[in-house]
1. Could you tell me whether residue 85 is at pLDDT 95 or above, among the acidic types (Asp, Glu) and farther than 29 Å from residue 128 by Cβ?
2. When the residues of region 84-124 are narrowed to those that are free of Cβ contacts under 8 Å to residues at least 24 places away in the same chain and not in a helix (DSSP H, G or I), which ends up farthest from the chain's Cα centre (by Cα)?
3. Scan region 7-39 for residues that are touching a residue at least 40 places away in the same chain (Cβ under 8 Å), closer than 25 Å to residue 85 by Cα and not β-branched (Val, Ile, Thr) and report the count.
4. Return yes when residue 38 is surrounded by 12 or more Cβ atoms within 10 Å (Cβ to Cβ) and among the small types (Gly, Ala, Ser) and no when it is not.
5. Could you grab me the full set of residues in region 20-35 that are hydrophobic (A, V, I, L, M, F, W, C) and exposed (fewer than 15 other Cβ atoms within 10 Å of the Cβ)?
Amino acid sequence: MSEQPCQCSDCQRFYREHDRLIREFPTLKKQQELNWASIQSFRTLCGKVTEELQKRLIDSDDQANKSYEDDNVCTNEELADAINELENINAYLYSIEALMERIFDIKVSDKVENKFKEIADEIAPDPLNIDRLILNRLFHQTPDFPDKTIN
């Protein structure tokens, strides 16, 4: 295993999002609220897509197994498989929600919340901070400061 973090575009996007979430939600309370909202939005979206696919499956059965090729869902079997997978996801999300309810029972003092903010500033500094931008330019070409080439 390499000591260096992965540099693929997916991992880099994850690192940026990770750091952004720490910067924008630097307290225990804000992290609790963020995670709760994230789980709820995921459940809502999965539930609505599941309902839509179930309606299409029923409609498809009613129309003598006509497929929905124009909707990129080719067969009733694929619809049924997708519905089963989404129902599994929703079951997992309900489990996570039950665990999150326990996390909401935990409260900390303002001093501890301030420690969260302090640590957040250390582990996820503002990437648009001018000092950080200047330092990054010393080591890397950036879109706003391209290397000059001589032809």
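1. In short, yes.
2. 109
3. 2
4. Judged against the criteria, residue 38 is a match.
5. 34
The values are calculated or read from the model by the stated rules, or taken from the named source; none is laboratory data. Small disclaimer: the values here were computed from a predicted structure and weren't measured. With ideal geometry, Cβ positions are generated from the backbone for all residues, glycine too; neighbour counts draw on all protein chains shown.
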